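Before any comments, here is the structure.
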Amino acid sequence: MVLTVLLIFLLWSGGPENPRQADSLYRVRMSEFFYADDKEGFLETNRQLIVYHETHGNDKYLFNAYATYLDRLQVWGRLDEAMSALQEMSQKAQERQSELGQAVTEFCFGQFYLGNRQPREAEEHYRKAFGQLRKLGENSRAIRAGFNLQAVAMNLNTPESGLAINDSTQVLLESMELKAGKTDYNNRFKQARYRFVLLQRLNRLKEAEAMQDTMLRYSAIINDPSQEELAQTAIIQFEQLTGKKASAYERLDSLIVRNRRAGNWVKVARFRLALADYQRDNGDLALAVDNYRAYAAESDSAGLYRTNEQLNTLTKQYQLRELTMENAAARQRITALTIIAVLLLVLSLAVFMYAQSLKRKNRALYLASRENIQAEEKAEEALVERIGEQPTPEAGLYASLLSLMKEEELFKNPELSRDDICARLGTNRTYLAEAVKLCSGLTLGGFINHQRLRWAAEALSCKSDIPVQEIGEDAGFSSRSTFNRLFQEQYGMSPSSYRSASRS
């Protein structure tokens, strides 16, 4: 509070002459707004800081203030404003012919594209920023750009490029430490972790194993649980790659238990999904099925559609393997019959087994779908009950959307538009689409169809006297073919087969 009063006094008296002092005072005020969750107050003070540094002609503080402004807009989902501010920043750098301004602008462009999941575009801007910042001696931000380039290289599967950047960031880091006269353990850890993962990608496993020890040493020094978790994740990938699946499973179980105790259900679900994926890739299909089911129960919103899809696929694979083993055993028991008798027997057996297999498969898929629907509904109810307690604005908006869908069943309207939903929720199309994508992994249209299909599945199970086509229409589908196609994709069988499976 004292610093806030001092800032107001200095501004009233014409402002501090020292840009560094002014920057500190403004940022104190911004911190107060941030912790009070006053976004508008934060952004308004940030704009004042930009104007102050523009007036006093200090490029370094000016473009750092722009970078802070852009970061908050992007994190808070105000992407249209962020793009406008980014364009303004770029024009300002050109007008002032500021090399530093252009370098920081390139860095911010990279951040923007990376946040929008456009790694190729992000790479182009980060690479420019990395070169320009190194040339200007801005080593701290250059290292950040270098680390982001390495992350992009892993995303684009170009580990050779990432390792070359890693070599360059190593030189920068040593230069910074020499100047400061002390070791930067946080950046040393990041440097080692990126190198460890990149060496894995290049299949240079002996070098990666040696780097693992270095990474763990720095992790122990900084003693940061979040960084230690990143190290464990990298080691799990290495163990999966080198065939140490039991150890990888054990580490993932440990991360799941740790985050469950901490009540971090987003991470619990993420690590559970990673465990199930590894078990699937290793052929441990029964374990994978169990963990995909656990993931569906633990997840409070994200990835439920993918869970259904993966679970249906795994169930089919698992049953197919069992069926193959049964057929192999049956063939061993077949005695020496005449060719015609064998052909007739095999044909009859094949027809019978196909019919039984199809019936069993549909029943298994139906039961799995019912479990997943119940898990989804339970997770959504929990999310709706905590609308005011969501950790992010996107999660809060998504919870409000779920509540609206449950209470009013808007999806039943075949003419339902994005604008109708936005009007009911008091938001815009871009923000709504981003929230749905972030929390469910679906587009808004996919989310609406998912709600329709789930309602239709419930109706097919309970309302045996209503024709299938009428249920599709009641669910909000104007086209019978669209309803049948989407239902088949989501539940692995046609609506008619789904109703039959519910009765068997």
### Message
Just the number: Rg to Rh for region 408-504, Cα atoms, Kirkwood Rh, two decimals.
### Response
1.02
### Task
Take each of the peptides 121-128, 201-208, average the number of other beta-carbon atoms within 10 Å over its residues, and list them starting from the highest.
121-128, 201-208
#### Entry: Among 483-491, 426-434, the order from most to least packed when residues are scored by Cβ within 10 Å on average
483-491, 426-434
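Could you tell me how many cubic angstrom of Cα convex hull volume region 136-189 has per residue? The partial results should precede the final answer.
On the way: hull volume 3.8 nm³, N = 54.
Convex hull volume per residue, Cα atoms: 71 Å³.
Mind checking region 133-166 for trypsin sites (Lys or Arg not before Pro) that DSSP puts in a loop (not H, G, I, E or B) and that have at most 12 other Cβ atoms within 10 Å? Before the final figure, lay out each step's value.
On the way: sites: R134, K135, R141, R144; in loops: none.
Within region 133-166, no trypsin sites (Lys or Arg not before Pro) qualify (loop, at most 12 other Cβ atoms within 10 Å).
Given axes a ≥ b ≥ c from the Cα gyration tensor, I'd like to know whether region 192-309 is rounded (a/c under 1.5), prolate (a/b larger than b/c) or oblate.
Oblate, because a/c is 1.5 or more while a/b does not exceed b/c.
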### Task
Only helical DSSP H runs with n ≥ 4 go in: add -39500 (n - 2.57) per run for the chain, normalise by residue count and round the 222 nm mean residue ellipticity to 500 deg cm²/dmol.
-27500 deg cm²/dmol
### Task
Could you tell me how many degrees, from 0 to 90 and to the nearest 10, lie between the Cα long axis of helix 429-440 and the main elongation axis, the longest principal axis, of the Cα atoms of the chain?
60 degrees
### Query
Cα axis of helix 185-201 to longest principal axis of the chain: angle in degrees, 0 to 90, nearest 10?
40 degrees
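Would you work out the relative contact order for the chain, in percent, from Cα pairs under 8 angstrom that are 6 or more residues apart?
On the way: 506 pairs, mean separation 36.8, N = 504.
Over the chain, the number comes to 7 percent.
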### Task
Specify whether the C-alpha gyration tensor of region 15-135 places it in the rounded, prolate or oblate class, a ≥ b ≥ c being the square roots of the eigenvalues: rounded for a/c under 1.5, otherwise prolate if a/b is larger than b/c and oblate if not.
oblate
### Task
Can you give me the three principal axis dimensions of the chain from its C-alpha atoms, in Å, biggest first?
101, 58, 40
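For region 89-225, what number results from the quotient of the Cα radius of gyration and 2.2 N^0.38 Å? Write out the running numbers ahead of the final one.
On the way: Rg = 15.7 Å, N = 137, 2.2 N^0.38 = 14.3 Å.
Normalised by 2.2 N^0.38 Å, the Cα Rg of region 89-225 equals 1.10.
For each pair in K378/K406; K206/K244; K190/K437; K60/K92; K412/K463; K267/K406, compute the distance between the two Cα atoms and list the pairs where it is over 19 Å.
Working: K378/K406 12 Å; K206/K244 15 Å; K190/K437 29 Å; K60/K92 13 Å; K412/K463 17 Å; K267/K406 26 Å.
From K378/K406; K206/K244; K190/K437; K60/K92; K412/K463; K267/K406, over 19 Å: K190/K437; K267/K406.
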### Task
Compute the long axis of helix 79-95 from its Cα atoms, compare it with the longest principal axis of the Cα atoms of the chain, and write down the angle in degrees, 0 to 90, nearest 10.
40 degrees
### Query
Using alpha carbon coordinates only, what is the Rg to Rh ratio of region 185-242, with Rh defined as the Kirkwood radius?
0.95
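FYI, it's all coordinate maths here, none of it is from the lab. From a predicted model like this one, the values you see are computed outputs, not experimental measurements. Note that we place each Cβ from the backbone using ideal geometry, even for glycine, and neighbour counts take in every protein chain shown.
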